[in-house]
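**Student:** To start, I am sharing the structure in question, which I have written as structure tokens.
The values are calculated or read from the model by the stated rules, or taken from the named source; none is laboratory data. This is a predicted model, so every value here is computed, not measured. Don't worry about glycine lacking a Cβ; one is built from the backbone with ideal geometry, like all the others, and counts go over all protein chains shown. Keep in mind that these areas ignore ligands, DNA and RNA; they rest on the heavy atoms of the full protein, side chains included. Shrake-Rupley method; radii C 1.70, N 1.55, O 1.52, S 1.80 Å.
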Amino acid sequence: MSKATLVVHSGETDKIYSALIIGNGALAMGMDVSMYFTFWGLERLKKGQLEKGPLSRMNFLGLGKWMLKRKMKKKNVQSLESMLADFHELGGMIF
């Protein structure tokens, strides 16, 4: 079995989305996956504010976040909370 570790070094919404999509995909392919959240990402997890954080470089006074949410909904991408729950259910570890 292959193993993968993802390091989430930021608390920005788009980067957390990317990490969870990659992590869940790897779990679905049978890999053993762990995610390591550094300080900023860990703060978002602890406070339960996954959806309320900023974007990396494309915020544009809130327009970027609106565009991201709209695009994710259009492509039927789950919310961050449900992706995190799926990650745990599939056996992913978060540190």
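**Student:** Calculate what fraction, in whole %, of the accessible area of the chain sits on carbon and sulfur atoms when a 1.4 Å probe is rolled over the protein chains.
**Tutor:** Percent of accessible area from carbon and sulfur atoms in the chain: 60.
**Student:** Check which residues have an amide H placed less than 5 Å from Asp32's amide H, if you skip close sequence neighbours.
**Tutor:** Those lying under 5 Å, H to H, from Asp32 are Ser2, Lys3, Ala4.
**Student:** Hey, if you put +1 on the Cβ of every Lys and Arg and -1 on every Asp and Glu Cβ in region 8-75, which of Pro54, Leu68, Tyr17 ends up farthest toward the positive end of that dipole?
**Tutor:** Leu68
**Student:** Give me the accessible area per residue for the chain, probe 1.4 Å, as a whole number in Å². If you can, show how the numbers build up before the last one.
**Tutor:** On the way: 6280 Å² over 95 residues.
That works out to 66 Å² for each residue.
**Student:** Under 5 Å between amide hydrogens, which residues at least 5 positions from Phe37 or on another chain qualify, with H placed 1.01 Å from N in the peptide plane?
**Tutor:** Counting only residues 5 or more places away or on other chains, the set is Val8, Phe95.
**Student:** On alpha-carbon atoms, Rg over Rh for the chain using Kirkwood Rh? Mind showing how you got there, number by number?
**Tutor:** Numbers: Rg = 13.3 Å, Rh = 13.6 Å.
With Rg and the Kirkwood Rh in hand, the quotient comes to 0.97.
**Student:** Rounded to the nearest 0.05, what FRET efficiency is calculated for Ala28 and Leu63 with R0 set to 41 Å and r the Cβ-Cβ distance? All intermediate terms of the calculation are to be shown ahead of the outcome.
**Tutor:** Numbers: r = 33 Å, r/R0 = 0.80.
Efficiency at R0 = 41 Å is approximately 0.80.
**Student:** Summing Lys, Arg as +1 and Asp, Glu as -1, what charge do residues with Cβ under 15 Å from the Cβ of Leu27 carry, Leu27 excluded?
**Tutor:** Details: positive: Lys3; negative: Asp32, Asp86, Glu89.
The answer is -2.
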